[in-house]
Amino acid sequence: QIFNQHNAEAPNLEQAFHRMAQMEPNLDHHVSWLLLPSYWAKMVVALISFLCFANSYDGDFVFDDSEAIINNKDLRAETPLGDLWYHDFWGSKLSSNTSHKSYRPLTVLTFRINYLFAGGFHPVGFHVINIILHCTISVLMVDVFSILLGGLQFSNKGRRLNLAPKSSLLAALLFAVHPVHTECVAGIVGRADLLCALFFLLSFLGYCKAFRESKEGHTFSVFWVLVSVVLGAIAMLCKEQGITILGLNAVFDALVINKINLLELIRKLLYKHKSLENAGLLRKGLLFRITLLMCGGAGILYIRWRIMGTGPPAFTEVDNPASFADSLFVRAINYNYYYSLNAWLLLCPWWLCFDWSMGCIPLIKSVSDWRIIALAALWFCLIGLICQALCSEDSHKRRILTLGLGFLIIPFLPASNLFFRVGFVVAERVIYLPSIGYCILFTYGFSLLSKQAKKKKILAVAVLGILLINVVRCTLRSSQWRSEEQLFRSALSVCPLNAKVHYNVGKNLADKGNQSAAIKYYREAVRLNPKYVHAMNNLGNILKERNELHEAEELLSLAVQIQPDFAAAWMNLGIVQNSLRRFEEAEQSYWTAIKHRKKYPDCYYNLGRLYADLNRHIDALNAWRNATVLKPEHSLAWNNMIILLDNTGNLAQAEAVGREALELIPNDHSLMFSLANVLGKSQKYKESEALFLKAIKANPNAASYHGNLAVLYHRWGNLDLAKKHYEVSLKLDPTAPGTKENYNLLRRKLEQLQKKGG
């Protein structure tokens, strides 16, 4: 560090500083590890980090990707860019009571750019960007760890010295191949953590750059301090954790730049010692820089608070059960147990799960619970490290341990439940940044062991083995993130008590048409969590389709009883009641669903079907019209309107509705078919024929399309073509109603014509 006051003194200070750098204890001295030039070290880290996650490049959209990307209207061109600044990560308005208040507009902007360049929802481009981001972050880690482990020191030419090349390479490799990072890299939603980490590191490196020697002889550059604040703000706009870099920059300034001994400072503050200036607190520039960081952080948080609104995010008990516990003791014990689980995931990242909520981790309610041992072990280790960080006579040891603990704990604070309730129990993605602190502590521990060990190569081989195991684990885990089926099934062995795991396995099976297997997992999800309304709703839907209507009604009734504003369950209950011919109850259920979700086109569609069954044709048409207003591409609603108008003899109105529908959905073959039928009855044979042929081209295996075209030709007098399409229709569906009779009539007519011609 160069704290020169006048240019005339600079050369002497530089020489003294260079000597000081040589006198600084060298972490690499006892480390038996590869020594590579900086460029090659970065190339190795980039290559290995790429190999760990390369097999996720062609994965699907999985788990939260559906809500954050596929169903997020903010990615589409029709949504104004300005809306991104007023919406949360999932595309909901921040002012909404249902918003999770996760404000990450820059991350959503990168998704939008991905969508634009890919020309749609093609996951490859999204995955490739995530892999590139992780490789870039891992490369930056080489420089970051060289500063954290070796100190911020410069040569007499102003070039930063890497005093720990071997240790920084090892720490960067540990970070690059840590399996707990798989969720961030292989899961596209993890882009938020990756972008946050990128700007987090750039902010730190920018802050370090403020202490390079300037030609004017200033001790530091205000410009680079401000740049680091701006980069910290950008990190926070990618994910909330980014703001913590400002606190870490302040810690780094105090410990590394000003070499403050925290224990000595605390003592002097307690005893109001007069030599506080000698302790470094009032050293020129430190308070000013910390003031800049604090003002910048306060300003960023205030703007964030104003945009978000004053209301906290709304979470449910199943998301984070400990935070809903009445007892302060139960909350405290469980929060600390969660911390120990996060620490264990860093130490032994073998048991990984996409979701740790919904009963995966039962609450600790008594001190007799054996899991209390995990808390004791965590705090035993933390207190030991803190004591060493404060009380060690070795200033180098104090600095590294304090920085390691700082980078481990401070970025984790937003996820700790200490300041506000979070919407998860354990989340692997939130320890992407805290793993920096873990890598510092691991590397320092390795250097201490190397110093004591007689056979250093055996120790180096053991660490190399850990790295190789982590590479294998990363490869296996990233392959599990390639599809929802693999991801959800992988969680069954890790969190068998997690109702959401069973629910997601069941949903995946149901989407593939395996209803029998899906029922099994849905039932288990409801057994594990008797208030799991989404599992009840999905199970009720399957039972409804299998005509097990009474059990379906029981489940759906229970779901709306538990959650009275569950609009989808009300609609499905209405469908079941309609099937049971309890029409008044069904109508009431539909209107209740619409009351809770005013823009609900599917519910209006089903309401229209109910009215059609009751011969309330005007009400049915109005309901279907509402569905198409809310969702102009609602093909079923358009079709039902055309068919109802056709069946009631309103051919002109049916034709008008059909033409309106085809303008909005020009490639929908079912609409072409319905309108062709209307035009045929109106004796507009040419236009009807053209639409029938277009519909058949789009869907050549629809027997009814060929059958109705044959009827058109039959009426039109084009008997040979009628015969041809009757035969195609019967080949596709030999039991097609009416087609066989019409075909027999045509054959008799042809035979009569042949006799007359003969």
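The values are calculated or read from the model by the stated rules, or taken from the named source; none is laboratory data. This structure is a prediction, so every number in the text was calculated from the model and none was measured. Here the Cβ positions follow ideal geometry from the backbone for every residue, glycine too, while neighbour counts run over all protein chains shown. Just the protein is used for accessible areas: all its heavy atoms, side chains included, with ligands, DNA and RNA removed. Shrake-Rupley method; radii C 1.70, N 1.55, O 1.52, S 1.80 Å.
What the table below lists for this structure:
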| item | result |
| --- | --- |
| Residue list for the stretch 115-126, filter: at negative phi and either out of contact with any Gly (no Cβ under 6 Å at 6 or more places or on another chain) or among the β-branched types (Val, Ile, Thr) (or both) | 115, 116, 117, 121, 122, 123, 124, 125, 126 |
| So residue 460, is it small (Gly, Ala, Ser), closer than 30 Å to residue 98 by Cβ and open to solvent by less than 40 Å² (accessible area, probe 1.4 Å) | no |
| Wholly enclosed helices (runs of 4 or more DSSP H) of the stretch 112-196 bearing at least 3 residues out of contact with any Phe, Trp or Tyr (no Cβ under 6 Å at 6 or more places or on another chain) | 123-150, 165-176 |
| Matching residues, the stretch 37-65, being of a type in the set (S, T, N, Q) and at pLDDT below 90 | 38 |
| Odd one out for residue 390 among (1) under 24 Å from residue 45 (Cβ atoms); (2) over 33 Å from the mean Cα position of the chain (by Cα); (3) not aromatic (Phe, Trp, Tyr) | (1) |
| Positions within the stretch 303-360 being among the small types (Gly, Ala, Ser) and either farther than 28 Å from residue 438 by Cβ or open to solvent by 20 Å² or more (accessible area, probe 1.4 Å) (or both), in sequence order | 309, 311, 314, 325, 327, 332, 343, 359 |
| Candidate set from the stretch 523-548 (those that are open to solvent by less than 20 Å² (accessible area, probe 1.4 Å) and within 22 Å of residue 610 (Cβ to Cβ)); member that is farthest from the chain's Cα centre (by Cα) | 543 |
| Residue check for residue 625: more than 37 Å from the chain's Cα centre (by Cα) and open to solvent by 10 Å² or more (accessible area, probe 1.4 Å) | no |
| All positions within the stretch 549-566 that are surrounded by 23 or more Cβ atoms within 10 Å (Cβ to Cβ) and under 17 Å from residue 527 (Cα atoms) | 552, 555, 556, 559 |
| In the stretch 84-101, the residues that are under 12 Å from residue 73 (Cβ atoms) and of a type in the set (Gly, Ala, Ser) | 91, 92 |
| Leading residue by the ranking (nearest to residue 605 (Cα to Cα)) among those in the stretch 553-578 that are among the charged types (D, E, K, R) and in a helix (DSSP H, G or I) | 553 |
| Looking only at the stretch 389-433, and only at residues there that are assigned to a helix (DSSP H, G or I) and among the charged types (D, E, K, R), the one that is nearest to residue 301 (Cα to Cα) | 429 |
| Test set (1) in a helix (DSSP H, G or I); (2) at pLDDT below 95 - residue 437 fails condition number | (2) |
| Unmet criterion (only one of (1) over 25 Å from residue 300 (Cα atoms); (2) in contact with a Lys or Arg (Cβ under 8 Å, 6 or more places away or on another chain)) for residue 89 | (1) |
| Residue ID - nearest to the chain's Cα centre (by Cα), chosen from residues in the stretch 720-739 that are over 18 Å from residue 677 (Cα atoms) and of a type in the set (A, V, I, L, M, F, W, C) | 732 |
| Identity of the residue in the stretch 164-194, open to solvent by 10 Å² or more (accessible area, probe 1.4 Å) and under 20 Å from residue 437 (Cβ atoms), that ends up modelled with the lowest pLDDT | 166 |
| Qualifying position, being open to solvent by less than 30 Å² (accessible area, probe 1.4 Å) and of a type outside the set (Phe, Trp, Tyr), among 96, 92, 49 | 49 |
| One residue from 717, 680, 658, 707 being open to solvent by less than 70 Å² (accessible area, probe 1.4 Å), small (Gly, Ala, Ser) and free of Cβ contacts under 8 Å to residues at least 12 places away in the same chain | 717 |
| Every pair of residues 6+ apart whose Cβ atoms lie under 6 Å, when the first sits in the stretch 247-262 and is under 14 Å from residue 390 (Cα atoms) and part of a helix (DSSP H, G or I) while the second is modelled with pLDDT under 80 and open to solvent by 20 Å² or more (accessible area, probe 1.4 Å) | none |
| Filtered residues of the stretch 52-75 (kept if without any contact (Cβ under 8 Å) to a residue 60 or more places away in the chain, open to solvent by 60 Å² or more (accessible area, probe 1.4 Å) and not in a helix (DSSP H, G or I)) | 71 |
| Selected residue (only one of 405, 385 is farther than 28 Å from residue 187 by Cβ and open to solvent by 50 Å² or more (accessible area, probe 1.4 Å)) | 385 |
| Criterion violated by residue 427 - all others in (1) among the aliphatic types (A, V, I, L, M); (2) assigned by the TED database to the domain that holds residue 359; (3) buried (at least 24 other Cβ atoms within 10 Å of the Cβ) satisfied | (3) |
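Residue-by-condition table, conditions (1) over 27 Å from residue 293 (Cα atoms); (2) among the hydroxyl-bearing types (Ser, Thr, Tyr); (3) out of contact with any helix residue (DSSP H, G or I) (no Cβ under 9 Å at 6 or more places or on another chain); (4) free of Cβ contacts under 8 Å to residues at least 60 places away in the same chain:
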| position | (1), (2), (3), (4) |
| --- | --- |
| 116 | yes, no, no, yes |
| 148 | no, no, no, no |
| 156 | yes, no, no, no |
| 162 | no, no, no, no |
| 165 | yes, no, no, no |
| 187 | yes, no, no, no |
| 221 | no, yes, no, yes |
